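The values are calculated or read from the model by the stated rules, or taken from the named source; none is laboratory data. If you're wondering where the values come from, they're calculated on a predicted model, not measured in any experiment. Don't worry about glycine lacking a Cβ; one is built from the backbone with ideal geometry, like all the others, and counts go over all protein chains shown. For the accessible areas, the whole protein counts, side chains as well, though only heavy atoms, and no ligand, DNA or RNA atoms are used. Shrake-Rupley method; radii C 1.70, N 1.55, O 1.52, S 1.80 Å.
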Amino acid sequence: MTVVLTPGAVTLGEWRRIYRGDAVRLDPATAGAIIASAAAVERILGRGEAVYGVNTGFGKLASVRIETGDLARLQTNLVLSHCAGVGEAMPVAVTRLMMALKLAGLARGASGVKPATTTLLEAMLEREITPVVPVQGSVGASGDLAPLAHMAAAMIGVGEVIVNDQRRPAGAALARVGLAPLELGPKEGLALLNGTQFSTAYALAALFEAETLFRTALVTGALSTEAARGADTPFDDRIHALRGHPGQIETAAALRGLMAGSAIRASHLTGDTRIQDPYCLRCQPQVMGAALTVLRQAADTLAVEANGVTDNPLIFPEDDEALSGGNFHAEPVAFAADMIALTLCEIGSLAERRVAMLTDPVLSGLPAFLTPKPGLNSGFMIAQITAAALVAENKQRAYPASVDSIPTSANQEDHVSMAAHAARRLMAMAENAFAIVGIELMTAAQGCDFHRPLASSGALERARAALRAEVPTLEDDRFLQPDMGAAIAMVREGQIADVAGIDLPGVVG
């Protein structure tokens, strides 16, 4: 499948397809805007005006005028000097998403690049030549300079790329598929490395993972409710209509749908002496509904950002003007990433509380640590501790990054967004949350096993059967880590949400 990028109108669903591996092609109709923008740069230079980053130095050196004969060298020097990133390399899927975001931004026709620049970027995506980009080094203002410089360096044949899962010298890899390194013209180096695409790519990737997590946690939360013989009364639509939050209303409806037709629920509709369930069961619509609302708000911000132009200066061909502004400041992305961090933390936190409740015989009424022979066996005792440790780690990571500005570039860039860190930490948080929900999947299924021969609803039995095809019931203690790995993989891949077979609320659409 191929996603055709229509700059300014790419949907979140299309960005998700690119992240998941679909091919990318630029809409040919963008050629006119790209050509007009490059021609405008030439006309502006012809007037002899000083234009930031085109015929001047950069950052604190913006007052230094560059001679005409050195303009191409200026752009090359910019790229090379800004390749100052450290740390591990970006995942290929996120790097490709970043490249596609940059391609779409350049093709809006406000960046002054030549058609050859977008053509090469498109060709690298098509032929799966992925720059090796260190993940650390951006503070999310003046754009994601260091990461995008490493991307741009690969385009001029410098640095390394990944081809067929192997690192190769960029120049040799380009030559091998018949591509020539880019010769940068005025403004082009700046256009490539100035922008929020690194931060936005990571934030989008995390948004897509968070959606999978959210949907799966609805299933595991309902299954935990069944394991604890909890009530579905708190999911009654009348309760949530009175409060009015759409996310809460949709979440409650999903939980009702997941539990509809359950024999386990029917078995304790009468004669149950318990009046109210713990909040981790009873308040799922309120907590998960709030998370859904916040994720959708973050999605709205990122949908706009992904289609925007965020380099500087911006070229307006109709007026032959180059205007310096601050679209590179990634504060919107930082805020969105902080919002996603909160939801990842809370979804995991609520799931861990259900794990703790199920493994506690006083709270759940089930055998201690969900083992038929407590004492001889420890059951899920340590799995719950693992979940608690991951929740604590995510709490530490959830502190808002957007409030942590630090001046750079001799105080010229005196307030920065920290969007790169805000977005990059999300992938590790999502992995932690997947693990927590994977553990809940195991404990909830184990809890329901104790209610046999009673069955849950069709949706939840399908989810439980999918797990049991990979992870058998825990009768006696065994080496648990492979089972946990299998359950976590099912959560991460969205298999549990899919196999439930009912319409669950989403974020991206």
Among ALA260, PRO472, ALA217, which residue has its Cα positioned farthest towards the positive end of the charge dipole of the chain, with +1 placed on the Cβ of Lys and Arg, -1 on the Cβ of Asp and Glu, and the dipole taken about the Cα centre?
-> PRO472
Please report, in debye to the nearest 20, how large the charge dipole of the stretch 213-279 is about its Cα centre when each Lys and Arg carries +1 at its beta carbon and each Asp and Glu carries -1 there.
-> 40 debye
Acute angle (nearest 10 degrees) that the helix 115-126 long axis makes with the longest principal axis of the chain, alpha-carbon atoms = 30 degrees
Quick one: order VAL158, VAL133 from most to least accessible surface, probe 1.4 Å.
-> VAL158, VAL133
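Do you know the relative contact order of the chain, to the nearest whole percent, from alpha carbon pairs under 8 angstrom that are 6+ apart?
Across the chain, relative contact order equals 19 percent.
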In whole Å, how far is the Cα centre of the stretch 212-274 from that of the stretch 371-410?
-> 26 Å
Ranked by accessible surface with a 1.4 Å probe, highest first, in what order do ILE406, ILE264, ILE162 come?
-> ILE406, ILE162, ILE264
With all protein chains in place and a 1.4 Å probe, LYS373 shows an accessible area in Å² (nearest 10) of 110 Å²
Heavy-atom accessible area per residue of the stretch 81-155, all protein chains kept, 1.4 Å probe, expressed in Å², is 26 Å²
Computed E for GLU318/ARG168 - FRET, C-beta separation, R0 45 angstrom, nearest 0.05 | 0.60
Please give the per residue accessible area of the stretch 423-509, computed with a probe of 1.4 Å over protein heavy atoms only, in Å².
-> 37 Å²
Give me the distance in nm between label points sitting 7 Å out from Cα along the Cα-to-Cβ direction at ILE275 and ASP503, one decimal.
-> 3.8 nm
Solvent exposure ordering (accessible area, 1.4 Å, most first) of ILE436, ILE35, ILE249 = ILE35, ILE249, ILE436
Can you tell me how much longer the chain between GLN481 and LEU61 gets when fully stretched, taken as 0.36 nm per residue apart minus their C-alpha distance, in nm with one decimal?
-> 145.7 nm
Candidate lysines for bridging to LYS60, where Cα separation is under 19 Å - those fewer than 8 sequence places away on the same chain excluded | LYS187
About the Cα centre, charge dipole magnitude for the stretch 410-481 (Lys/Arg +1, Asp/Glu -1 at Cβ), debye = 220 debye
Helix 246-259: inclination vs the chain longest Cα principal axis, degrees, rounded to 10, gives 40 degrees
So how tilted is helix 481-492 from the main axis of the chain? Cα-based, degrees 0 to 90, rounded to 10.
-> 60 degrees
So what does HIS268 come to for accessible area, using a 1.4 Å probe and Å² rounded to 10?
-> 10 Å²
Among PRO453, THR251, ASN327 the positive-end extreme of the charge dipole of the chain (Cβ point charges) | PRO453
Tally Lys and Arg at +1 and Asp and Glu at -1 over the other residues with C-beta under 12 Å from the C-beta of VAL163: what net charge comes out?
-> +1
With only helices counted (DSSP H, runs n ≥ 4, each -39500 (n - 2.57)), the per-residue ellipticity at 222 nm for the chain, to the nearest 500, works out to -17500 deg cm²/dmol
Using a simple spin-label model with points 7 Å from Cα along the Cα→Cβ vector, what separation in nm is obtained for ASN411 and VAL86?
-> 2.5 nm
Roll a 1.4 Å probe over the protein heavy atoms and report the accessible area of SER405 in Å², nearest 10.
-> 40 Å²
Taking the Cα centre of the chain as origin, sum charge times position over the Cβ atoms of Lys and Arg (+1) and Asp and Glu (-1), and report the length of that vector in debye to the nearest 20.
-> 560 debye
Rounded to 5, percent antiparallel among DSSP beta bridges of the chain = 70 percent
Would you work out which of THR56, HIS421, PHE208 lies farthest towards the positive end of the dipole of the chain, given +1 charges on the beta-carbon of Lys and Arg and -1 on that of Asp and Glu, about the Cα centre?
-> PHE208
Whole-percent carbon and sulfur share, accessible surface of the chain, 1.4 Å = 55 percent
If each K or R counts +1 and each D or E counts -1, the residues other than ARG73 whose Cβ falls under 12 Å of its Cβ total -3
